[in-house]
Amino acid sequence: MSRRMLVAAAAVAALVLVVCGAALAAEVSREEYKEAAEPICKASARANERILAGVRKEVRKGQLQTAAAKFAKAAKEQARTLRELEALPRPSADEARLAKWFSYLKIEAQLFDTAGRKLKAGDKVGAEHVFTKLSSNINKANIQVLPFEFTYCRLNAAKIT
């Protein structure tokens, strides 16, 4: 009986080593995360550039319905990008930093949507207040991911608002 227990304990120990080894091997580095995230962000940045092209002029000229539709599309693009980024394996050492970044990205999507709704309602002043919040939020999000040295995963508030 003790021999069977010894063999079972050895088998359990071997299984634990295999599982732990696989977990350690699956650990993602900051650089690997960056390599996986940048193509997602690049596609999103290009889409938002296309979507928001000329939106500043439209708002100034009073073409609020057209601008509203663009902000609604940008909100959907931002939400889609966030879902894709959240699905990526993350470096465990940066888990808290990335969670905070994701929260800012979620707020960005909500602010794009809010700006669109304000513009649709004809509330240009209200939309401008949202643009100010959006710029501030973008800066906070960018600060969170400075250590990653992203190129495309950092937004440029000047291009949007």
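Look at the dipole of region 22-97 built from charges on Cβ: of Asn48, Tyr33, Thr66, the Cα furthest out on the positive end belongs to Thr66. Placing unit charges on the Cβ atoms only, positive for Lys and Arg and negative for Asp and Glu, gives region 29-160 a dipole magnitude near 720 debye about its Cα centre. Dividing the convex hull volume of the alpha-carbon atoms in region 29-160 by its residue count gives 82 Å³ per residue.
Tell me which of Leu105, Val125, Leu155 sits at the most positive position along the dipole axis of region 79-161, charges placed on C-beta atoms (Lys, Arg +1; Asp, Glu -1). Checked the options; the winner is Val125.
Taking other Cβ atoms within 10 Å as a rough exposure proxy, Cys153, Cys41 sort from fewest to most as Cys41, Cys153.
Remark: Ser29, Ser103 ranked as Ser29, Ser103, counting other beta-carbon atoms within 10 Å and listing the fewest first.
Solvent-free Debye calculation, one equal scatterer per alpha-carbon of region 114-161: log10 I(q)/I(0) at 0.15, 0.16 Å⁻¹ equals -0.45, -0.50.
By how many nm would the segment from Thr151 to Glu32 lengthen if fully extended, with 0.36 nm per residue of separation less the alpha-carbon distance? Full extension from Thr151 to Glu32 adds 41.4 nm.
The numbers here are math on the coordinates, done by the rules we state, and not lab data. All figures in this text were calculated on a predicted structure; none of them were measured in a lab. Here the Cβ is made from the backbone with ideal geometry for all residues, glycine too, and neighbour counts use every protein chain on show.
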